[in-house]
Amino acid sequence: MSFDKNEQTIGSGGIIALTLLRILIGWHFLYEGFYKLAQESWTAKPVLNGSKWIMNGVYSWIADSPSMLSFVDSLNMYGMVILGFGLILGVFTRWLALGGAVLLLLFYLINPPLPGLYYTTPTEGHYLIVNKNLIEMMALVALVFIPTGKFFGLDRFLYAFLKKS
Amino acid sequence: MENEKQESKEEEKKGSLNLSRRDIVQGLATVPFLGMFGWSWAKKDGPDTSASGPVIETPKEFTGKELNVAMLGMGAQGQVLLNSCLRIPGLKFKAVCDIWTDLNLKRAVNLLTKYGHEVTGYEDYREMLENEKDLDAVIIATPDFWHAEHTIAFLEAGVHVYCEKEMSNTIEGARSMVDAQKRTGKLLQIGHQRRSNPRYIHCKKKLLEEADILGRITTINGQWNRGVQPDLGWPKRYELSQEKLEKYGFETMHEFRNWRWYKGLGGGPIVDLGSHQIDIYNWFLDSKPVSVMASGGVDYYEKDTHEWYDSIIALFEYQTEKGTVRASYQTITTNSSEGYFEKFMGDQGTLSISESANKSGVYREVSAPPWDEWVNKGYLSKPEKKETPAAGEGAVVDVRETASPESHTIPVELNDPYHQPHLQNFFDAIRGEAELNCPAEDGYETAVTVLKVNEAVEKGITVKFNPEEYVI
């Protein structure tokens, strides 16, 4: 499937808006990561234990295995910090956007607000199938396809370097 | 043209990479956001020492005598009391003291500074006593086993004392505090804050004493059911040195944080939670129990870090002027069903009361004389008829059941933090404008009543109260 060439240009306004979107998501990751790191005893265990739907088995298995859990905890905390820095600075933007989207998909699958699933832990809003994890994930998917780092971000140097060689 | 020249110069400078100034500016354009992030991270309130507190209205203009106040013990409870104090006009904070200097002390000093008080922070209360010569009052919220020493030291220095409950972890300790109060003639208020709660005062003065709406009270039950809570932790970077811990009576950091669970330091849940409510039993009945039996144990938590009983069910017997009253009380720390309340049952009605809002109710027995007079006087809300179960839905009303009573609510609510009226009462008393609502003797009686529950569990016997034990 292809579109008319004119429809594919998003213009400088579009690039700036998408760059800001990238920075906001990066900020969100960075804070979540730092916050968890600052709490000496943070663990994903209770969240994983509350998992429902298709990933329930895998997540419970992780929660119950101390070595897997500590691996997943570190991956989470440092992963989010790295994603945060990367998305704000615009380095390896498209790869990080892809990684972030996968991470968010995994978060979404912990407790997706599907009809018929009931959660006792309250959330801050009301969701049906679509929640903020899913939206943030889709925003990152969009950023996989639009190389904002090439315009605003350290990727600009990377592209210059690649062009040179 | 000029620009182009410039750009080509830049290109030359950067040589191999062919970076224009524009490249560099755009490439680094988002870096400032990291700076912004760092700035807001440093600014934000976290588990650190930055001044954080509730949104507090500045107390209204105050014309009476300003009191110089110090606080000793700035842990969780100390902070609750401080937040209430900041809403009370006419107080000037001079000093705060806490051995956790890097965390609790710093936080308290920061908060008070933010509210315009010039306070000095101390680690050792003796130093505070030595340096602060113009104190009118001190608020003590240290662990229970420190209460006697701290209270007596300040009373003897001529300072009025508000001391948190439990008055002491030992009966001897509590007794020595009453002695010191009598010897010095200074005021000693014990922190059973329900005694100053307008809802409780309304029930005691209006409903029980004036209207006598319950008739002959025969039974009381009460509970504080609290769900499982993890042990309190601490940020590693703020860990106290072993030397310091031992200097202040703790063996480990875990003990310091979770002293309420350790024998010799605190008294366990029956003392921390039960004490508030058993105090109401004594107060509302104008009496003290003659005996207590109790079942309890460390049934759920780790025994080596939880020396006191996590579950207790206690049965008291009172001999009041109107006759015998039997009272049950339970405190459990593994399930939060129905929270906490005290329920007084008489032959004419039931009074269920709780410190938490919207949990109180008064119910008239169908056989009792009508309460119209009290409703008209505004002592009670208008009655609501309980809905009778619809017929044909499996609900069969048995002839042995009495019809459900009418339900009323108590039209008095406390809209301030729970501890504020009790603190206000203490400061009013210092100015000679009020009587203490929980003076040392009352606190002592409650301490005896409650500490004996632990003794009953420990010994597995019915403990008789010797009337002399209440007398000082």
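The values are calculated or read from the model by the stated rules, or taken from the named source; none is laboratory data. Computed from a prediction, not measured in an experiment: that's the story for all the values here. All Cβ positions, glycine included, derive from the backbone under ideal geometry; neighbour counts span all protein chains shown. Surface areas here come from the heavy atoms of the whole protein model, side chains and all, with no ligands, DNA or RNA. Shrake-Rupley method; radii C 1.70, N 1.55, O 1.52, S 1.80 Å.
When you scan segment B:245-266, do you find a residue that is in contact with a strand residue (DSSP E or B) (Cβ under 9 Å, 6 or more places away or on another chain) and either within 14 Å of chain A (Cβ to nearest Cβ) or closer than 19 Å to B:GLY173 by Cβ (or both), even just one? Checking segment B:245-266: at least one residue is in contact with a strand residue (DSSP E or B) (Cβ under 9 Å, 6 or more places away or on another chain) and either within 14 Å of chain A (Cβ to nearest Cβ) or closer than 19 Å to B:GLY173 by Cβ (or both). One residue alone among A:ILE25, A:ILE88, A:ILE54 is surrounded by fewer than 16 Cβ atoms within 10 Å (Cβ to Cβ) and either of a type outside the set (Asp, Glu) or in a helix (DSSP H, G or I) (or both), and that residue is A:ILE54. For B:GLY432, the conditions (1) free of Cβ contacts under 8 Å to residues at least 24 places away in the same chain; (2) under 12 Å from B:ALA174 (Cα atoms) are fulfilled apart from (2). The residue list B:SER336, B:SER328, B:SER356 contains one member that is out of contact with any Asp or Glu (no Cβ under 9 Å at 6 or more places or on another chain) and assigned to a strand (DSSP E or B), which is B:SER328.
Of the residues making up segment B:309-325, those that are closer than 27 Å to B:ASP212 by Cβ, open to solvent by 10 Å² or more (accessible area, probe 1.4 Å) and assigned to a strand (DSSP E or B) are B:LEU315, B:GLU317, B:GLN319, B:THR320, B:GLY323, B:THR324.
Residues in segment B:353-365 that are surrounded by fewer than 18 Cβ atoms within 10 Å (Cβ to Cβ) and touching a residue at least 40 places away in the same chain (Cβ under 8 Å): B:ALA357 alone. Residues in segment A:8-22 that are open to solvent by 60 Å² or more (accessible area, probe 1.4 Å) and either of a type in the set (S, T, N, Q) or farther than 20 Å from A:PHE92 by Cβ (or both) were compared, and the one that is nearest to the chain's Cα centre (by Cα) is A:ILE16.
Determine, yes or no, whether B:LEU240 is surrounded by 15 or more Cβ atoms within 10 Å (Cβ to Cβ) and under 26 Å from B:HIS422 (Cβ atoms). So B:LEU240 fails the test. So, of the residues in segment A:84-102 that are under 14 Å from A:VAL141 (Cβ atoms) and hydrophobic (A, V, I, L, M, F, W, C), which turns out to be nearest to the other protein chains (Cβ to nearest Cβ)? Ranking the qualifying residues of segment A:84-102, first place goes to A:LEU87. Quick one: in segment A:118-127, which of the residues that are under 20 Å from the mean Cα position of the chain (by Cα) and open to solvent by 80 Å² or more (accessible area, probe 1.4 Å) is modelled with the lowest pLDDT? The extreme case among them is A:THR123. If we scan segment B:158-171, do we find a residue that is assigned by TED's automatic domain parsing to the domain that holds B:CYS85 and of a type in the set (Asp, Glu)? So far as segment B:158-171 goes, yes, one or more of its residues are assigned by TED's automatic domain parsing to the domain that holds B:CYS85 and of a type in the set (Asp, Glu).
In segment A:28-43, of all residues being facing chain B (nearest Cβ under 7 Å) and closer than 30 Å to B:GLN26 by Cα, the one that is surrounded by the fewest Cβ atoms within 10 Å (Cβ to Cβ) corresponds to A:PHE34.
Screening the candidates B:ASN335, B:ASN376 for the property of being open to solvent by 50 Å² or more (accessible area, probe 1.4 Å) and without any contact (Cβ under 8 Å) to a residue 24 or more places away in the chain yields one hit, B:ASN376.
If you go through segment A:121-165 and keep only what is within 14 Å of another protein chain (Cβ to nearest Cβ) and aromatic (Phe, Trp, Tyr), you end up with A:PHE151, A:PHE152, A:PHE157, A:TYR159, A:PHE161.
Here B:PRO369, B:PRO289 are screened, and the one residue that is touching a residue at least 12 places away in the same chain (Cβ under 8 Å) and open to solvent by less than 30 Å² (accessible area, probe 1.4 Å) is B:PRO289.
Kindly evaluate A:LEU114 against the criterion of being crowded, with 19+ Cβ neighbours inside 10 Å, out of contact with any Lys or Arg (no Cβ under 6 Å at 6 or more places or on another chain) and more than 19 Å from B:LEU28 (Cα to Cα). So A:LEU114 does not fit the description; no.
Listed here are the residues, each with its yes/no results for (1) in contact with a helix residue (DSSP H, G or I) (Cβ under 6 Å, 6 or more places away or on another chain); (2) open to solvent by 20 Å² or more (accessible area, probe 1.4 Å).
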position	(1), (2)
A:TRP95	no, yes
A:VAL102	no, yes
A:LEU106	no, yes
A:ILE129	no, yes
A:THR148	yes, no
A:ARG156	yes, yes
A:TYR159	yes, yes
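Within the option set B:ARG175, B:ARG183, being among the charged types (D, E, K, R), in contact with a Phe, Trp or Tyr (Cβ under 8 Å, 6 or more places away or on another chain) and surrounded by fewer than 24 Cβ atoms within 10 Å (Cβ to Cβ) holds for one residue only, B:ARG175.
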